Amino acid sequence: MQTWTADDTHFQPASDQSLLVYFGQQITVVAHQRVRKLLRLLEQEPIAGVRNLNPAYCSILISFNAVQLNHGDLEEILRGYLDRLHAMQIPEGRELQVPVCYGAEFGPDLNEVAALHGLTPAQAIELHASVTYVVYFLGFVPGFAYLGELPEALATPRLDSPRRSTPPGSVGIAGNQTGVYPFATPGGWRLIGRTPIAMFRPNREAMSFLSIGDRVRFTPISAARFAAMENA
Amino acid sequence: MSTIQVQAPGLQTTVQDLGRSGFGPIGVSPSGAADPISLRLGNRLVANDESAAGLEMMLLGGTLVFPQGAILALTGSDFGAMLDDVRLDLGTSVEVRPGQTLRLGPTSSGARCYVCVHGGIAVKSFLGSASTHILSGLGGFEGRALRKGDVLRIGSTSEPFRKRAIVPQASEHLSRRKVLRVTPGPQADWFSESSLRSFYAGAYRVGEQSNRMGLRLEGAAVTQRGAGEMITEGVSLGAIQVPVGGSPIVLFVEQQTTGGYPKIANVISADLHRVGQLRPRDEIRFEPATFDAARSLLIEQEKLLASRELILE
């Protein structure tokens, strides 16, 4: 059922009203750039009958109205879009800071994560806050940013059984990804801290605090600072 | 201005329309009515646009008072509705006099009943839709299911009451099915032949923990061929994903927008409204369909829904 193009891009029907476009099968900066370019082009020049776009690490899911479009016709149109990707300009991501209060009740899994890697909690915090992360995409729930890459020395598998609810603002890690839970949702990522920043703000024009392509650094803050910022 | 007073909310009553499309890039799923066809028909019965907001009740209905009256229709499943002391039928419009009380009880058929009023339910629109997304507390009436004492506003009304009813043949065509037709999922080839066979041969029970986000299925476990590592990708409505334990989950209207579990199959669009009528403990089966067949069934269904003869006046 897969249709390959000249490079490693291919199409795969996901349902009778959706099509996946894959840019290879690996999380790479090149794939991420192509996802952003195609997303931007599809937003600038919408295809009639397309209803929704779900970008991810190296794919975009394109949902459409099957009364108006079918997989074959959509693929044909998309080939034309893909041919123009090399000429697409995407804006430089913003540089943003996310303050985090690490450990204790803010990050109940910090000690275990540190222990798993033979680190002290302070070293684990330092590592997490030591790099600039890229927002690969937003997904799962409103405003949830998939950030990479976590330093190798912190990469940790998901919890065996997910929590029923994670407090909003919880900063989690899973594999070599990190992210912030915007809402009290179930979640299997290991929680190492919490930010007082609202990641999804329905009353603002830019509802999501983070956007695809942004560059993010986590900065450690004290519990007192957390409380002050939360009440601000 | 006309209102609806919530005297008893029922198990989970939410304001829903046909959802918000196009916000995948910020992680917002469409939400909307779990059985959109019932909502669309209900809206037509009360002379609304098909996409107007109505109330979706789940398993156990609530009690609503209409201080200024309303034009109303119920669609979907039979919750034994009474208007004061008169039994109300599904699929027909009725004039509610000022002060009358609508009481719905437990379902005697499927999972959801829709209450549509002429003028629609007026709530502040969020990203172009009145739909409630319960998990994130967004949209609808204060982002949540209704509670006792809530007062809903009815949108502006223009038409006098006219008796309308859905033709019986249509209800038959759109009726409940326990066999859901599915197209292959994007990772169907990750599953062994024997797993695929048992997935299509066996019956699955809808789990108690099912909700608008997803339906958890109990039955033959489905196992992956190898230990392939999925890279998180966008997931479509009705996708049947299989987590590590092997128990499939049907992703539904309030679904996560992306996910990292392989999808074995996807419910066809023409059967999605039927998923919205499945109750916990219902037994279902899956039947394979091609993409072309699925598309033809959807086009046929939309043709029926668009026909003038569907509603008797």
Original post:
Assuming A:Ala223 fulfils every condition listed in (1) under 20 Å from B:Ile231 (Cα atoms); (2) in contact with a strand residue (DSSP E or B) (Cβ under 8 Å, 6 or more places away or on another chain); (3) more than 10 Å from chain B (Cβ to nearest Cβ) apart from one, which condition is it?
Top reply: (1)
**OP:** For A:Arg164, work out the one condition from (1) surrounded by 14 or more Cβ atoms within 10 Å (Cβ to Cβ); (2) at pLDDT below 95; (3) under 24 Å from A:Leu116 (Cα atoms) it doesn't fulfil.
**Re:** (1)
Subject >> Residue satisfying all of: in the stretch B:255-264; buried (at least 24 other Cβ atoms within 10 Å of the Cβ) and assigned to a loop (DSSP other than H, G, I, E, B); nearest to the other protein chains (Cβ to nearest Cβ) among these >> reply: B:Thr257
Subject >> Identity of the residue in the stretch A:1-23, modelled with pLDDT of 95 or more and not in a strand (DSSP E or B), that ends up farthest from the other protein chains (Cβ to nearest Cβ) >> reply: A:Gln17
**OP:** Take the stretch A:95-109 and flag every residue that is in contact with a strand residue (DSSP E or B) (Cβ under 8 Å, 6 or more places away or on another chain) and either charged (D, E, K, R) or in a helix (DSSP H, G or I) (or both).
**Re:** A:Glu95, A:Phe106, A:Asp109
Original post:
Restricting the search to the stretch B:109-144, which residues are over 14 Å from the mean Cα position of the chain (by Cα), part of a strand (DSSP E or B) and hydroxyl-bearing (Ser, Thr, Tyr)?
Top reply: B:Ser129
Original post:
Looking only at residues in the stretch A:118-150 that are exposed (fewer than 15 other Cβ atoms within 10 Å of the Cβ) and in a loop (DSSP other than H, G, I, E, B), which one is nearest to the other protein chains (Cβ to nearest Cβ)?
Top reply: A:Thr132
Original post:
Has the stretch B:135-148 got at least one residue that is away from chain A (no Cβ under 14 Å), in contact (Cβ under 8 Å) with a residue 40 or more places away in the chain, surrounded by 20 or more Cβ atoms within 10 Å (Cβ to Cβ) and of a type in the set (Lys, Arg)?
Top reply: no
Subject >> Out of A:Glu112, A:Glu75, A:Glu92, sole residue that is away from chain B (no Cβ under 14 Å) and either closer than 24 Å to B:Gly19 by Cβ or not in a loop (DSSP other than H, G, I, E, B) (or both) >> reply: A:Glu112
**OP:** Give the stretch B:265-313 a look and list any residue that's basic (Lys, Arg), more than 10 Å from every other protein chain (Cβ to nearest Cβ) and not in a loop (DSSP other than H, G, I, E, B), or say none.
**Re:** B:Arg274, B:Arg285, B:Arg308
**OP:** Return the pairs, sorted by first residue and then second, in which the second residue is assigned to a helix (DSSP H, G or I), the first residue lies in the stretch B:285-304 and is farther than 19 Å from B:Tyr200 by Cβ, the beta carbons are less than 7 Å apart, and the residues are 6+ apart or on different chains.
**Re:** B:Leu298/B:Ser269; B:Leu298/B:Ala270; B:Gln301/B:Ala270; B:Leu304/B:Ala170; B:Leu304/B:His173; B:Leu304/B:Leu310
Original post:
Which residue, of B:Ser38, B:Ser51, is in the same structural domain as B:Leu135 (by TED's automatic domain parsing), within 26 Å of B:Asp282 (Cα to Cα) and of a type in the set (Ser, Thr, Tyr)?
Top reply: B:Ser38
**OP:** Could you check A:Gln44 against (1) in contact (Cβ under 8 Å) with a residue 12 or more places away in the chain; (2) over 15 Å from the mean Cα position of the chain (by Cα) and say which number it fails?
**Re:** (1)
**OP:** For residues that are outside any loop (DSSP other than H, G, I, E, B) and in contact with an Asp or Glu (Cβ under 9 Å, 6 or more places away or on another chain), scanning just the stretch B:93-108, find the one that is surrounded by the most Cβ atoms within 10 Å (Cβ to Cβ).
**Re:** B:Leu102
Subject >> Residue list for the stretch A:91-117, filter: surrounded by 14 or more Cβ atoms within 10 Å (Cβ to Cβ) and within 30 Å of A:Asp7 (Cα to Cα) >> reply: A:Gly93
**OP:** Taking only the stretch A:36-45 into account, find how many residues are farther than 28 Å from B:Ala188 by Cβ and either crowded, with 21+ Cβ neighbours inside 10 Å or more than 9 Å from chain B (Cβ to nearest Cβ) (or both).
**Re:** 6
Original post:
Quick check, is A:Ile173 among the β-branched types (Val, Ile, Thr) and at the interface with another protein chain (Cβ under 10 Å from one of its Cβ atoms)?
Top reply: no
Original post:
Which numbered condition trips up B:Ser21, out of (1) modelled with pLDDT under 95; (2) surrounded by 21 or more Cβ atoms within 10 Å (Cβ to Cβ)?
Top reply: (2)
Original post:
How many residues, within the stretch A:168-218, are of a type outside the set (Val, Ile, Thr), assigned to a loop (DSSP other than H, G, I, E, B) and within 16 Å of A:Phe140 (Cβ to Cβ)?
Top reply: 14
**OP:** Give the stretch A:25-35 a look and list any residue that's within 10 Å of chain B (Cβ to nearest Cβ) and of a type outside the set (Gly, Ala, Ser), or say none.
**Re:** A:Gln25, A:Gln26, A:Ile27
Original post:
Within the stretch B:54-76, can one find any residue that is assigned to a strand (DSSP E or B), without any contact (Cβ under 8 Å) to a residue 24 or more places away in the chain and farther than 22 Å from B:Arg153 by Cβ?
Top reply: no
Subject >> Which listed residue is crowded, with 20+ Cβ neighbours inside 10 Å and within 14 Å of chain B (Cβ to nearest Cβ), from A:Pro182, A:Pro186 >> reply: A:Pro182
**OP:** Given the conditions (1) in contact with a Ser or Thr (Cβ under 6 Å, 6 or more places away or on another chain); (2) not in a loop (DSSP other than H, G, I, E, B), report the number of the one that B:Leu180 does not fulfil.
**Re:** (1)
Original post:
With (1) within 12 Å of chain A (Cβ to nearest Cβ); (2) under 26 Å from B:His133 (Cα atoms); (3) out of contact with any Phe, Trp or Tyr (no Cβ under 7 Å at 6 or more places or on another chain); (4) in a loop (DSSP other than H, G, I, E, B) as the list, and B:Glu208 as the residue in question, which single condition is left unmet?
Top reply: (1)
Original post:
Would a scan of the stretch B:77-92 turn up a residue that is buried (at least 24 other Cβ atoms within 10 Å of the Cβ) and assigned to a strand (DSSP E or B)?
Top reply: no
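The values are calculated or read from the model by the stated rules, or taken from the named source; none is laboratory data. Note that the structure is a prediction, hence the values are computed from the model and not measured. Here the Cβ is made from the backbone with ideal geometry for all residues, glycine too, and neighbour counts use every protein chain on show.
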